[in-house]
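What follows is a short report on a single structure.
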Amino acid sequence: MKPTVEVVIPVYNEERDLPKCVERLLKFLYERLPNPWRILIADNGSPDRTMQVAEELAEKYELVGYYHLDEKGRGRALKTVWLDSEADILTYMDVDLSTSLEYFPKLIEAIENGADIAIGSRLKRGAKTARSFKRELTSRGYNVLIKSMFWGTPFQDAQCGFKAITRPAAQAILPHVQNFNWFFDTEMLLIAARNRYKIYELPVEWAEDPGTTVKVFKTAWEDVKGLSRLRFGGMPKLERPAKP
């Protein structure tokens, strides 16, 4: 039997985009993913109608669930629901579906073929992206910074919102991740790399959402502080590292 897959959609104030995201994702998964799966909406403290909309979607569709956290933080939402999940493969994608869903089965296949973590990449050779100069410059500069601070880093795009991880890897790594916001992804990957977990990077097709609310430079500053904490404060050495 194929491993079970949980697809998490972390949301904050997404009452407008959430229904079309879920309906589009449901159609794709029914048609294209042979694994047993379910969708979980993880609402991290939205003050708008996101909670009501998510509850309505969960009631309407059998394979859609809903989890509400009172506190804000995308990383907090992912850490909470992933550690609580019983699925074999834990995944997430952004509600705007900026990464083409065509690549999602490949993400799952990478895990089935032995990867501990599989990530979408907008910077790896073969990727196709459509985004602003500011976002492109910031992303590439961030990659250079990571590689200059952590030699031998086996990935190029830490922040693409399109990732999968095995449940054993999540259970081992996530308790050590301290950031609850956007740096969560990078911290998870750096800890995984430090402990020799196998990371597979998949070049994807990605188009920037013109309505995104991400504050690029504020997020970049949070990332710099997070990298400094890991570089000079050290990273955990896990008791049961993955096989090399």
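The values are calculated or read from the model by the stated rules, or taken from the named source; none is laboratory data. Every value quoted in this text rests on a predicted model; they were computed, and no experiment measured them. Heads up, the Cβs are rebuilt from the backbone with ideal geometry, glycines too, and the neighbour counts pull from every protein chain shown. For the accessible areas, the whole protein counts, side chains as well, though only heavy atoms, and no ligand, DNA or RNA atoms are used. Shrake-Rupley method; radii C 1.70, N 1.55, O 1.52, S 1.80 Å.
Among (1) in a helix (DSSP H, G or I); (2) small (Gly, Ala, Ser); (3) within 15 Å of residue 204 (Cβ to Cβ); (4) at pLDDT 95 or above, there is one condition residue 139 misses while meeting the rest; what is its number?
The one condition residue 139 does not meet is (4).
Limited to the stretch 152-204, what total is found for residues that are closer than 15 Å to residue 227 by Cβ and of a type in the set (Phe, Trp, Tyr)?
4
Given (1) at pLDDT 95 or above; (2) open to solvent by less than 30 Å² (accessible area, probe 1.4 Å); (3) of a type outside the set (Ser, Thr, Tyr), identify the lone condition not met by residue 123.
(1)
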